[in-house]
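As structure tokens, the structure follows; a few thoughts come after it.
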Amino acid sequence: MTSREQFSPLCDVHYTSMQRMMVEEDGEEIQSYHICERRDCSRVFRDAFGYSDLIEGQFDKSRAFIRKCPACGAILYLAEVDQPRKLETWECPRMNCEFSEEFPSPAAR
Ligand SMILES: [Zn+2]
Ligand SMILES: [Zn+2]
């Protein structure tokens, strides 16, 4: 899968920006994921698995949130939030896919 070099997901809970982390797994595969900038937040975004929580080094699947691109099947990320209009813009990270869609933000947040 070819992803854009730079994309900046927002935390889907706090709408804050996320920081890119690189992890080397088994000395070979380099994986990257994004973590919420808030210190009290364990939210992470992984390119291949979407949003979930990272608790004590484990990804918590029960808190996963995944939205798939209907055009190419990649995992969408939360790109922008329009707070006054309560709209979330989700975008596809794939290089040749320009898909993006707006969703109303959940009232509970
Ligand atoms: Zn957060
Ligand atoms: Zn796509």
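Data for the structure
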{"read-out": "Relative exposure of 75, 35, judged by other C-beta atoms within 10 Å (fewest first)", "value": "35, 75"}
{"read-out": "Burial order of peptide ranges 50-56, 7-13 (average beta-carbon count within 10 Å, highest first)", "value": "7-13, 50-56"}
{"read-out": "Cα gyration tensor, the chain - rounded (a/c under 1.5), prolate or oblate", "value": "oblate"}
{"read-out": "Test item: Cα-centred dipole of the chain, Lys/Arg +1 and Asp/Glu -1 on Cβ, debye", "value": "460 debye"}
{"read-out": "Gyration tensor (alpha-carbon) shape descriptor, the stretch 56-109, a/c threshold 1.5", "value": "oblate"}
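Bear in mind these aren't lab numbers, they're just calculated from the coordinates by the rules spelled out. This one's a predicted model, so the numbers in the text were calculated from it and none came from an experiment. Glycine gets a Cβ as well: all are built from the backbone with ideal geometry, and neighbour counts include every protein chain shown.
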